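Accompanying notes for the structure given below.
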Amino acid sequence: MVIHIELPDGSKKQFPKGTSGYEIAKSIGERLAKDALAIEADGEVKDLNTKLEKDCKFKIFTYKDLGGKKTMWHTSEHILTQAMLKLFPSVKMAMGPSTDEGFYFDFESDRSFTPDDFPAIEKEIAEIVKKDLKIERKEIPVKEARKLFEHNKYKQEWLDEIEKNKEPATVYWTGDEFVDLCAGPHLPSTGKAGTIKLLRIASAYWRGDSKNKQLQRIYGISFKEKKELDEYIKLQEEIEKRDHRKLGKDLDIFEIVEEVGPGLVFWLPKGTIIKEALENWAKETEAKWGYKRVSTPMITKEGVFHTSEHLPHYKDSMFSPMDIDGEKYYIKPMNCPFHHMIFKARTRSYRDLPLRLAEYGWCHRYEQSGAITGLLRVRSMQMNDAHIYCTREQAVDEFIAVIRLHEYYYKMLGITEYSMELALRNPESKKYHGDEAMWKEAEELMMEAMKKSGVKYTVINDGAAFYGPKIDFQIKSVIGREFTASTNQIDLFMGKKFGLEYTGEDGKRYTPVIIHRAPLGTHERFIGFLLEHFGGKFPLWLSPVQVRLMTVSEKFDSYANSLVEKMLEAGIRAELDNRSESIPKKVRDAQLEKVPLMLTIGEKEVEAGTVALRTLDGQVKFGLEAAKFIEQVAENIKSRALTFKI
RNA sequence: GCCUCUGUAGCAUAGUAGCUAUUGCGUCUGACUUGUAAUCAGAAGGUCGGGGGCGCACAUCCCUCCAGAGGCUCCA
C-alpha cells in the first residue's frame, strides 16, 4: 500500500504506507504541504490527517471526487478579485470561495455590474494568468492583518472572528500585486489556474443573512484543459435544451399565465395525459402496496392548523384565510391533518394497523415570489401523498417499505442515481416543536430504518420538519442535475396533537406512529424533472401521442383511419396526420413533437395490411404486420416499459 | 421578500441620438396528392407586458405596477 498524493501543481508523489505526516510535509515542502488541500491520498486521508495534525499541526483536506479542482477554482477566484480591483479600484472585496461547481466572488460596489463587463474582466484575468505570478502564503499577526485591510469592513469583520478563535491570520500574496485574507489552499502560481470563464452575475446577502447588506456576486469556473471547457459548454447547452420550461412550452405540456398568477399551473391536454398516466400508475401501484385512497376537502377552519401548530409558524407561507360565516377558513397547504381526521373518525384497533391513507391531494402554498420557478416551485400542487398510521413495532418495517416503493418507482423510470439525506433536529434551534424524548425516539426509529434498509444516506444535523425527522430523496436526471423529489417523515408529534388513538392488544390506548410519505413528490415538480430526464422523449406509456399515422396521399385515409380506430380500441393514443403535406414534412413535425412511433401509410401498406414504422431515433422498418404491431404496442404500454424494441 | 437584469404578434426575432414596427416558423385560404426532418402562392395576425409622465411625436427617455430570468433568503 502506498499513499498517493497529488500536489496542487499537478505533480504526483507516492509514499509508503506508514510514512509520517512530518516526512510527507518535509518531502513535498512545507508551503505545498500547507496548501495541500488539493492533495489526494487514496483511502488514506483520515490516517494521514491524524498524522499530519499530530506532527505538523495542520490538516489535509481532500477534494478527491473533484480531482483537486476546488483549489484551482479558489485560486481562479483570487485572480478574478485581483482583476476586479485593478479595473475597478473602488470595489470592496467581501469574500469568495470555491464551490462544487466553480467559484464566486462577493463584493460591494456603487456600480452595478452586468455580463457586458465580463470581456474586459476576462481580458485582465488572462493577463494575470499569463504573468504566472507566484502565490505565497503568510501567517501574520491579526494586528498586522487589520492594518493591511484597513479600509475593508468585511475583512475586519472576518478578522474579528479569527481573533476570537485566537488563530493567526493567513494571507495569500499574488506576486506583490495583490493580497487577500484567506485560509487557502492555493495553487503555487497564477499560471496554473487554466482557462477562467465568468458565468453570471447575481446578488447575495453578506454572510447569507437576509438582514444584511446585499452584495454583488460574480460566478465563474475554470478548466485546466480546453477539452474540459468544451465539455462544460456542451453540457450547459444540453441543460438549456432540456429546460422543462422550454420543453413544456414547445411540447404543449403546461402553461402559466400572467392574468391568473405566478406559480399557478395550467396543464394543457398533453400535460394532463402525462399527469394522469403517472397518477394512474401510482394508484395502481399503491393499491398493490396496501394503501387505501381517500379524498379530502381543500379548505378548513383554522382550528386544525392551530392543533397541528402550523399556525402561526407557517402563516406567511399559507394563502390568507377567508371569512366564512364569521369563521376563518384556510386553503390547505398539506394533506396531513385531513388524513388524521379520517383516522380519528372511527374507533381504531391495532388490528386496523397499519392504516395507509393515500390521496393525490391538491395543496396550495404561498411560496415567496422570488422562489417560484416553472414547475419546480409552484403555489398550487398535487401531491402523491399518503400517511401511514402504525404501531411502534411496525414503524421501522413500514418505513423501509416506503424506501422500497421509492426504489421501485425510480427503477421503472430509469432513475439510476439517487441518494438520501437524513435531516435531524438541531437541538440548539427553536424551530422544532415537541419534547426531547419524542425527538430521540423518532430519530432512533428513523436511523434504525435507514440502517436496516441498507440504503446509502448522509446525515444533516438540522433541517428536519418541525414535528419530526425527515429524509429527502435526491434524484439525478440523466444529465446529472439533482432534484429533491420527495420528503418522508416519521412523526410522533401529530398523533398526540390530534388525539389519535388505537386500542392495543392489551386493551390500552396508544398513539400511532405516523409516517408521511410522497415518493413521486408533486405532479408539478416531478413532471418538471421528467421533462429534463427524458429530454421530452417520454417512454411510450407516458407519451401524450403514442402513435402518429401519416398518409402518403388521401387515397389511403380510410385504411389509416381503420388502424387508428383499432389502436384506440386497444388503448393506444394514436392519431392520423392526413394534412395535404409531404411525408418529409409530416415526419419532421412528428419528430419535433417527439411522437415516439410514426407510421407511414401508402400503397404498399394498404395492399399488404402492414405499417411502415419510424422511431424517434430515426430507425425505419417496413412491412410490419398491422395487427401484430398494434398488439406489441399495447403490450409495451401496459408494461410501462422504458423503451420500445422493434 | 431582497438584489440585478429582461419583457416586441402563438413561438423565435429586427428595430433603442424618439416620428406609428422587420423577418422566419406557426395559423388561415388556394394549388399540389406527395414515400421518412420543412411543396408553392396569397392572406390574416402585434401599437411594442399594464398604467402614468416628459415631448408636436415614443417600442425607443422618466416613474410605477405586473410577469419572467439569474441569485440570495425561504421550502411544513
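Points worth noting:
- Taking the conditions (1) without any contact (Cβ under 8 Å) to a residue 12 or more places away in the chain; (2) in a helix (DSSP H, G or I) in turn, A:Trp158 satisfies each one other than (1).
- Qualifying residues in the range A:448-496 (those that are among the β-branched types (Val, Ile, Thr) and under 17 Å from A:Asp397 (Cβ atoms)) - the one farthest from the chain's Cα centre (by Cα): A:Ile490
- Every listed requirement among (1) over 30 Å from A:Leu375 (Cα atoms); (2) assigned to a strand (DSSP E or B); (3) among the charged types (D, E, K, R) is met by A:Asp472 save one, (1).
- Residue list for the range A:402-445, restricted to those being small (Gly, Ala, Ser) and assigned to a loop (DSSP other than H, G, I, E, B): A:Gly414, A:Ser429, A:Gly434
- Residues of the range A:94-126 satisfying the condition of being surrounded by fewer than 24 Cβ atoms within 10 Å (Cβ to Cβ) and aliphatic (A, V, I, L, M): A:Ala94, A:Met95, A:Ala120, A:Ile121, A:Ala126
- Exactly one residue out of A:Arg351, A:Arg404 is closer than 18 Å to A:Arg517 by Cα, more than 16 Å from RNA strand B (Cβ to nearest atom) and surrounded by fewer than 17 Cβ atoms within 10 Å (Cβ to Cβ), and it is A:Arg404.
- Failed item in (1) more than 11 Å from RNA strand B (Cβ to nearest atom); (2) farther than 18 Å from A:Ile637 by Cβ; (3) over 25 Å from the mean Cα position of the chain (by Cα), with A:Asn578 passing the rest: (1)
- If the condition is being crowded, with 19+ Cβ neighbours inside 10 Å and small (Gly, Ala, Ser), then the range A:565-611 contributes A:Ala574, A:Ala590.
- Considering residues of the range A:559-575 that are in contact with a strand residue (DSSP E or B) (Cβ under 9 Å, 6 or more places away or on another chain) and aliphatic (A, V, I, L, M) only, the residue nearest to RNA strand B (Cβ to nearest atom): A:Ala560
- Hits in the range A:318-336 (condition: surrounded by 14 or more Cβ atoms within 10 Å (Cβ to Cβ) and either within 8 Å of RNA strand B (Cβ to nearest atom) or assigned to a loop (DSSP other than H, G, I, E, B) (or both)): A:Met318, A:Phe319, A:Pro321, A:Lys332, A:Pro333, A:Met334, A:Asn335, A:Cys336
- On the stretch given as the range A:239-292, residues that are within 16 Å of RNA strand B (Cβ to nearest atom), more than 24 Å from the chain's Cα centre (by Cα), in a helix (DSSP H, G or I) and charged (D, E, K, R) total 1.
- Any pair with Cβ under 6 angstrom, 6 or more apart, that starts in the range A:531-549 at a residue that is small (Gly, Ala, Ser) and ends at one that is not in a helix (DSSP H, G or I): A:Gly535/A:Arg242; A:Gly536/A:Leu251; A:Gly536/A:Lys594; A:Ser543/A:Pro596
- Residue in the range A:173-200 that is nearest to RNA strand B (Cβ to nearest atom), counting only those that are crowded, with 18+ Cβ neighbours inside 10 Å and of a type in the set (A, V, I, L, M): A:Leu198
- Qualifying residue in the range A:294-306 (condition: under 24 Å from the mean Cα position of the chain (by Cα) and near RNA strand B (Cβ under 10 Å from one of its atoms)): no
No lab work stands behind these numbers, since they all come straight from the coordinates. Everything numeric in this text was worked out from a predicted model, so none of it was measured. As a convention, Cβ positions derive from the backbone with ideal geometry for all residues, glycine included, and neighbour counts pool all protein chains shown.
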